[in-house]
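Here's the structure, in C-alpha cells; my notes come after.
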Amino acid sequence: MTRLAQQRAARGWKKSQLVQRLMSEASRRGVAVASRESLMRMVAQWENGHRNPDELYGSLLCSIYDCDPVDLGLAASASVVGPAVGLSYEPQLGAALTALDGLTRLDLTGHSSVVRGGFAAEALNAVSLDWLFAAHSDDRRPLDAQVRAEDVAEIEATTATFDALDRRFGGEHSRTIAVNYLRGRVAPRLNGQYSDEVGRGLYAATASLCELIGWMGYDSAKHSLAQRYFVQALRFAREAGDLGYGTYVLTSMSDQALFLGRPDQALRLAQVAGSRESGPPPTVLAEAAVLEARACAELGNRAGASSALLKAEKRLERATVNELPAWASRFDATVLASHVGTCWISLERPEEARRALSVVWEHASGQPRRRAYAAVQLANTAALEGDVDEACALGVVAVEATYGMTSSRAHHHINGLVRRLKPHRDIPAVRELSDRVRTLTTSGAA
C-alpha cells in the first residue's frame, strides 16, 4: 500500500470523500482542477503507484493531509521542486529569471513549503552580502519578442493600480492577481529583446512590482512569500543599476524582520541599507536610520536608538521632494513620525510617542490602514500613561478603520493592544474592546 493510500485509510475516508476535499481546497485557493469523475480515476492511479500527482495536486494533498511531501511519498515528484526557491540572491541573471519563474509558479499553485513556510532569517545575511559584493552576470538566452518603452510604461501603471488597491483594501485583496500579472505579463518580457535603456526600465519596473507583492504578502501574514519576493526585488533593482531602490528594498526587509520579532536581523539589514551615504536618496537613508533606531529600542539599546533617531531626522532634512524618484518620496515626515512614535513606545516614553503619533493621525484621512495603525499606537501610548478608557476608545477606532480591509498586519497590531490591556480585563471598556476584536477575528474583516 502506498503512503497516499495509507493516509486516506488512516482517516477512514472513501475515495469520493478525498475527491470532495480536493475540490474544496482547490476552490478555496481559486485554482481549477479536473472533474469529479477524472479525479476519482487520478486518485486510484496515485494510490496504486501508477502515476505521481503533479505539482498542483501534490500541494493540494499536502494541505488536505497536513503532511510534508516526503510523508506522502512524493519526494520524487514535481510537487517538491524548489522549496527554497527565491530565498537566495542569484547573481547570474539567468538563474534569477529561473527563480522568479519557479517562485510565481509555486505561489500560484499553493506549494505548501513556499506559501506556508516560515520566515528564514538565517538566509538574509547571505542575501545582503551577495547584493553588496557578488559578481553579477547576464547569461540569459533572449527570445525573439521585442520589448519597448510602452511595455515598461504598462508595467509601471499596472503596479501603481495594485499599490492603490493594496493601500485601500489590504494586501490579500489583489495579491494573487498581481502575481498572475507578474508571471503572465512581466516575466515573459524579461526574456525578450530590448535596448540597454529599456532593459534598465524593465528591471526597475519588475523590482517595484516584486517589492509591492512582497508587502502584500507581509500584510497578509504570508511571510515566507514576502521574504522571497523582497529578494527578487533586490536582485532586479541591481540589474536596473538602481542602488537606491535596492537600499529601499532592504529597509522593507528590515521592517518585516522587526514585525516578526527579529530586531537583531532588522538591525543588520538597516545598517547595510544605511551604509552607503552617497547614492541612495536621503529619504531612504532616513528610513534605514529610523529602522535602526527601532531595532535598537527593541534590543534595549536606548543610546543607540536616540542616536539613530537623530541621524534619521538629519537625513530627512536633506531631502528635496521635487528631486526624488516617485518611490523615494513615499517616506516623508508622516512615515518618519510613525516609526519615531513606535520607537518611543518601545522605550516606554509616552510623551514623545504621543507627539510623533499625533502627526500620523492628522495625515491618516483616506488611508484606513494608516488610520488603524495610528489609532492603535496612540492607544498604546494612552495605556503607558495609565489612561485605560482612552486606550479602549482609540482601540475601537482602530477596529472600525479595518472594516472592509483584508490586512492581517492591522489585525496583529490590534491584538497586541488587547494583550497590553489584559491586566485591566475587569474594566467594562476593556471587555467591550476585547469582544469587538473577537468578533472582528471571527468575521475575518481584518
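Calculated [222 nm] ellipticity per residue, helices only, for the chain: -21500 deg cm²/dmol; basis is -39500 (n - 2.57) per DSSP H run with n ≥ 4, divided by all residues, nearest 500. For segment 99-105, backbone phi angles converted through the Karplus equation (6.51, -1.76, 1.60; θ = phi - 60°) give residue-by-residue couplings of 5, 5, 4, x, 5, 5, 5 Hz, Gly and Pro being listed as x.
Each residue of segment 274-289 was assigned a 3J(HN,Hα) from its phi angle through the Karplus curve 6.51 cos²θ - 1.76 cosθ + 1.60 (θ = phi - 60°); the sequence is x, 7, 10, 5, 9, x, x, x, x, 5, 5, 5, 5, 5, 4, 5 Hz, with glycine and proline shown as x.
Peptides 100-107, 9-16 ranked from most to least packed, by the mean per-residue count of other Cβ atoms within 10 Å: 100-107, 9-16. Using 1/(1 + (r/R0)^6) with R0 = 35 angstrom and r between the beta carbons of Glu352 and Arg318, what's the FRET efficiency to the nearest 0.05? That pair, Glu352 with Arg318, gives E of 0.95. Taking only Cα atoms of segment 304-349, what ratio of Rg to Rh do you get with Rh as the Kirkwood inverse-distance radius? Taking Rg over the Kirkwood Rh, I get 1.04. Quick one: which residues, 5+ away or cross-chain, put their amide H under 5 Å from the amide H of Gln146? H built at 1.01 Å from N. Residues meeting the amide H criterion: Gln193.
Inter-part distance, segment 257-274 to segment 1-17, computed on C-alpha centroids, equals 45 Å. Each of Leu129, Pro83, Val152 was scored by the projection of its Cα onto the charge dipole of segment 21-156, and the greatest displacement toward the positive side belongs to Pro83; charges sit on the C-beta of Lys, Arg, Asp and Glu.
Average projection, convex hull of the Cα set of segment 74-223: 9.7 square nanometres. For segment 364-446, the square roots of the Cα gyration tensor eigenvalues, ordered a ≥ b ≥ c, give a/c of at least 1.5 with a/b no greater than b/c, which places it in the oblate category. Of [x] 22.5; [y] 23.7; [z] 28.1, which one was derived for mean projected area of the Cα convex hull in nm² from the structure shown? Answer label, from the structure shown: [y].
For Lys15, the aspartates and glutamates whose Cα comes closer than 12 Å to its Cα, not counting residues fewer than 8 places off in the same chain, are Glu37, Glu47.
Dipole size of the chain about its Cα centre, with +1 on Lys/Arg Cβ and -1 on Asp/Glu Cβ: approximately 1360 debye, rounded to the nearest 20.
Positive end of the dipole of segment 3-78 (Cβ unit charges, origin at the Cα centre): among Gly58, Leu22, Met40, the Cα lying farthest that way belongs to Met40.
In segment 13-58, Rg over Rh equals 0.94, where Rg is the alpha-carbon radius of gyration and Rh the Kirkwood radius from pairwise Cα distances. The order of the peptides 401-414, 316-329, 110-123, 174-187 by mean Cβ neighbours within 10 Å, most packed first, is 401-414, 174-187, 110-123, 316-329.
At an R0 of 56 angstrom, the distance between the Cβ atoms of Ala134 and Ile427 translates into a FRET efficiency of 0.50.
Readers should treat all values here as calculations from the given coordinates under stated rules, not as data from a laboratory. No experiment lies behind these values; they were computed from the predicted model shown. Because the Cβ atoms are built from the backbone with ideal geometry, glycine has one as well, and the counts that use them run over all protein chains shown.
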